[in-house]
1. What pairs can you find where one residue is in region 98-120 and modelled with pLDDT of 95 or more, the other is charged (D, E, K, R) and open to solvent by less than 20 Å² (accessible area, probe 1.4 Å), and their Cβ atoms are less than 7 Å apart, with a gap of 6+ or different chains?
2. Taking N70 and the conditions (1) without any contact (Cβ under 8 Å) to a residue 40 or more places away in the chain; (2) closer than 20 Å to Q44 by Cα, which numbered condition does it fall short on, given that it satisfies the others?
3. Conditions: (1) at pLDDT 70 or above; (2) polar (S, T, N, Q); (3) closer than 30 Å to K138 by Cα; (4) open to solvent by less than 50 Å² (accessible area, probe 1.4 Å). S28 meets all but one. Number of the miss?
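The values are calculated or read from the model by the stated rules, or taken from the named source; none is laboratory data. Just so we're clear, the structure is a prediction, and the values are computed from it rather than from any experiment. All Cβ positions, glycine included, derive from the backbone under ideal geometry; neighbour counts span all protein chains shown. The protein model used for the area step is the full one, side chains on, heavy atoms only, and it has no ligands, DNA or RNA in it. Shrake-Rupley method; radii C 1.70, N 1.55, O 1.52, S 1.80 Å.
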Amino acid sequence: MPEGFRFGASMKYEILSYRKLKWRSRSSARPMQYYFIDFDISKQYLVDEKIETSTGLSGQDRTVPEMLDNKPYDPFKVDVYQLGNAFLAKEYNGLKALLPILKAMTNPRPEDRPSPSEALRMLGPYDDRTLQRRVWLKKYSMYGQATDT
């Protein structure tokens, strides 16, 4: 698709004519893989480059605690927060096992939040079955308030 697909959105970009497309749900293309690549505040750093702090309000998630004022912040800790909050901002079934990691990633104190590498290591104890399980919005559950395991 031109311009890609937005996670959490049910429709594609308006530039497409839906009359020319046969609509299919996202779940019809299996297995699905999502890649989180940009939070609208991206900056590239070289391996040996000193990590700078950033300032200002930018990005999709307006709830990042350190971005609420104009003080310098660690952009990597902001990325961790935004990724965790992408899953916590809406109610999903199937994420119960990952809640401790997601809560750590969205800790309001950036110094207590894991780095991207630490967050990835936190997934280490989980088996493939847990990490590959289906996740869906609770409001779309076939059984109303489905149990979450």
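1. A104/R113; M105/R113; N107/R113
2. Answer for N70: the failing condition is (2).
3. (4)
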